[in-house]
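Shown next, in structure tokens, is the structure this report addresses.
The values are calculated or read from the model by the stated rules, or taken from the named source; none is laboratory data. For clarity, every value in this text was computed on a predicted model and none was experimentally measured. Positions of Cβ are backbone-derived with ideal geometry, glycine not excepted, and every protein chain shown enters the neighbour counts. With ligands, DNA and RNA removed, areas are computed over all heavy atoms of the protein, side chains included. Shrake-Rupley method; radii C 1.70, N 1.55, O 1.52, S 1.80 Å.
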Amino acid sequence: MSARRPATLAELDAGIVACRSCPRLVRWREKVATEKRAAFRDEEYWGRPVPGFGAEEPAILVVGLAPAAHGANRTGRMFTGDRSGDWLFASMHRVGLATQPTSTHVGDGLELIGTRVVAPVRCAPPDNKPTPTEKQRCAPWLDHELRLVGASVRCVVVLGSIGWAATLGAWRRSGWEVPRPQPRFGHGAEAWVGGPHGPGTVRLLGCYHPSQQNTFTGRLTEPMLDDVLGRAAGTLRP
Ligand code: SF4
């Protein structure tokens, strides 16, 4: 990634979108975008890294893992156009964090309420599995995003254990308090961590990732997802 420190979200997004630091992921995202899935063969795939989406001064951050090959890598917007996103945005709508329950493409009218969706890896990885080196290379983008939007954040919902580890790492690098022993990931796990406004000021919530692996098997149900996101939505109420 670029060594330049972005001063605004627009600069950050431009830097992310232009990033070609991971040769394997660049090859994969572009191959997928060229070959396409049959159902989307008439669409032009995004085929680039995917920036964050949502409020510029969010009270809530939702941290995923990485774009899906035929989801955000196709549409160019986090969690947009795949089954995980269908689950996530339907739930966010039910609990009052999204203006509509569906998310199909950029410009579909969806707006997030007091919430921003980000990911620790910005390019679609093969089998949804970035390597440790790729995760490390991409981490500074999340650090920059936290620096730019962190002042307003009161709650962070992390979808999955990989995002949990990445978020706590970014938190520490930002100089914010993370309790020891480090909070453990689990569905519904909760911890209070520090933020720009001092120790214990940000609520951290764990949630199973709404991947098909979890939703098809019943490991994650709609009520379970609504429960965690509903707790996060309480942040917006006085
Ligand atoms: S995964 Fe991150 S660091 Fe690697 S090419 Fe994509 S945006 Fe750049």
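Summary of values
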quantity: In region 33-72, the residues that are within 16 Å of the ligand (Cβ to nearest atom) and open to solvent by 10 Å² or more (accessible area, probe 1.4 Å); calculated: 33, 45, 46, 48, 51, 52, 53, 65, 66, 68, 69
quantity: Pairs with Cβ under 6 Å, 6+ apart, first in region 14-26 and part of a loop (DSSP other than H, G, I, E, B), second open to solvent by 40 Å² or more (accessible area, probe 1.4 Å) and at pLDDT below 95; calculated: 19/1; 21/1
quantity: Lone unmet requirement of (1) within 25 Å of residue 4 (Cβ to Cβ); (2) more than 16 Å from the ligand (Cβ to nearest atom); (3) assigned to a helix (DSSP H, G or I) for residue 89; calculated: (1)
quantity: Flag if residue 141 is buried (at least 22 other Cβ atoms within 10 Å of the Cβ), over 17 Å from residue 200 (Cα atoms) and among the aromatic types (Phe, Trp, Tyr); calculated: yes
